[in-house]
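The values are calculated or read from the model by the stated rules, or taken from the named source; none is laboratory data. Just so we're clear, the structure is a prediction, and the values are computed from it rather than from any experiment. A quick note on method: Cβ atoms are made from the backbone with ideal geometry, for glycine too, and the neighbour counts reach across all protein chains shown. Heads up: the accessible areas ignore ligands, DNA and RNA and are worked out on the full protein's heavy atoms, side chains in. Shrake-Rupley method; radii C 1.70, N 1.55, O 1.52, S 1.80 Å.
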Amino acid sequence: TLMAAALEPRLRAAVVSAYLCAWSESLYGIGHCPCNYVPGLARLADCGDIGALAGPLPQLITAGASDPIFPLTGVQRAFATVSDGYAALGAADHAELYVGAGEHRFFNAPTWPFLEHWLRA
């Protein structure tokens with residue numbers, strides 16, 4: 001979803017579930033499947049930079065407070081970059097971070113109201 005939000009102009013909103021995290025705190029030192037990374041991309045951008053490219057698309061980032069493979073400190077660092085990018089576009093209110101109790105999972109509670117809000121015709 002993160003990559004699609006940054007590249008696909010037809011999207012009207014995006015929910016990035018349990019993925020946004022500074023790569024130095026997630027992909028570089030924790031075992032992940034190769035589907036989490038585009039080879040060579042880190043020479044150009046970090047995860048937060050890609051999230052910022054989605055602006056001003058409404059974007060909800062969700063994370064687990066105790067996610068062992070996408071640690072909260074890295075999530076917060078990457079989201080700060082996303083927030084800065086959205087603020088520069090005058091769309092600070094279009095990027096949200098939801099931190100839920102638990103580990104790596106999908107969070108229903110914020111997702112559906114967010115999408116309902118932004119996708120209303």
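Between residue 10 and residue 111, what's the calculated FRET efficiency when r is the beta-carbon distance and R0 is 30 Å? Round to 0.05. The formula returns an efficiency of 0.90 here.
Under the rule of -39500 (n - 2.57) per DSSP H run of 4 or more residues, summed and divided by the residues of the chain, what mean residue ellipticity at 222 nm is obtained, to the nearest 500 deg cm²/dmol? Before the final figure, lay out each step's value.
Values: 4 runs with 42 residues, N = 121.
Computed mean residue ellipticity for the chain: -10500 deg cm²/dmol.
Maximal additional length on extending the residue 101-residue 89 stretch stands at 1.2 nm, based on 0.36 nm per residue less the C-alpha distance. Kindly provide log₁₀ I(q)/I(0) values, in the same order as q = 0.30 Å⁻¹, from the Debye equation applied to equal alpha-carbon scatterers of region 32-88. Reported log10 I(q)/I(0), two decimals: -1.23.
When Rg is the radius of gyration of the Cα atoms in region 1-120 and Rh is its Kirkwood radius, what does Rg/Rh come to?
A ratio of 0.94.
Residue by residue, region 11-19 carries 3J(HN,Hα) couplings of 5, 10, 6, 9, 10, 9, 9, 6, 9 Hz when phi is fed to the Karplus relation 6.51 cos²θ - 1.76 cosθ + 1.60 (θ = phi - 60°); x denotes Gly or Pro. Averaged over its residues, the chain has an accessible area of 53 Å² per residue, based on protein heavy atoms and a 1.4 Å probe. Note on the chain: GNM, Cα springs under 10 Å; of 43, 12, 77, the largest mean-square fluctuation is that of 43. Rounded to the nearest 20, the size of the Cβ-charge dipole of region 5-121 about its Cα centre is 220 debye, with Lys and Arg at +1 and Asp and Glu at -1.
Approximating the spin labels as points 7 Å out from Cα along Cα→Cβ, the residue 41-to-residue 72 distance works out to 2.6 nm.
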